[in-house]
Structures are given as C-alpha cells and as structure tokens.
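Q: Take a look at this one; I'll ask things after.
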Amino acid sequence: MDRSSLPIYGNWRGFYFDFDSKDDLNLAIRETIMAADALEERGIESIQYFSGQKGTACYIDFPPTEISS
C-alpha cells in the first residue's frame, strides 16, 4: 500500500478508549476499570478520566515518534 498520499494528523500521541452509558454511569466506570486492569496485566500504563456526564475514558500515551514518508 502506498502511504505517501495518506494524511498525517498533527501530534497524535496515544490511544483512547471511551466508555459511555446513558442510563448507568457505574457501568462505564466498571468497563474502564476492566480495560485498565487488562492493560496493566500486559505492562501497559493507562490513565483514566471522567469524559462527561455519562462516561469515562482510558488513555494510553505513546512517546513522540518520527514518521517519515
């Protein structure tokens, strides 16, 4: 695949999991804890946040990486 024509989007530095539940915020919290635990078991550090009124987020940060075309 020729990737030279693909757009590069700024300084994307991580991976983001978003867990929402319109009716039960505790469900989103439990899912985030499950994801964080699974990542930790694999040696992957993550950070968890409330992402709004109905959800939570789990972030994995990556160190900056040079991408050449």
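Here, each number is a calculation from the coordinates, and none is a lab measurement. These figures come from a predicted structure and were not determined experimentally. Because the Cβ atoms are built from the backbone with ideal geometry, glycine has one as well, and the counts that use them run over all protein chains shown.
Q: What does the C-alpha gyration tensor say about the overall shape of the range 16-69? Classify as rounded when a/c is under 1.5, otherwise prolate if a/b is larger than b/c, or oblate. Let's see the in-between values first.
A: On the way: a/c = 3.55, a/b = 1.79, b/c = 1.98.
In terms of gyration-tensor shape, oblate.
Q: Where does each of 32-43, 51-62 land if you order them by average Cβ count within 10 Å, highest first? If you can, show how the numbers build up before the last one.
A: Values: 32-43: 13.0, 51-62: 15.8.
So the order, starting with the most tightly packed, is 51-62, 32-43.
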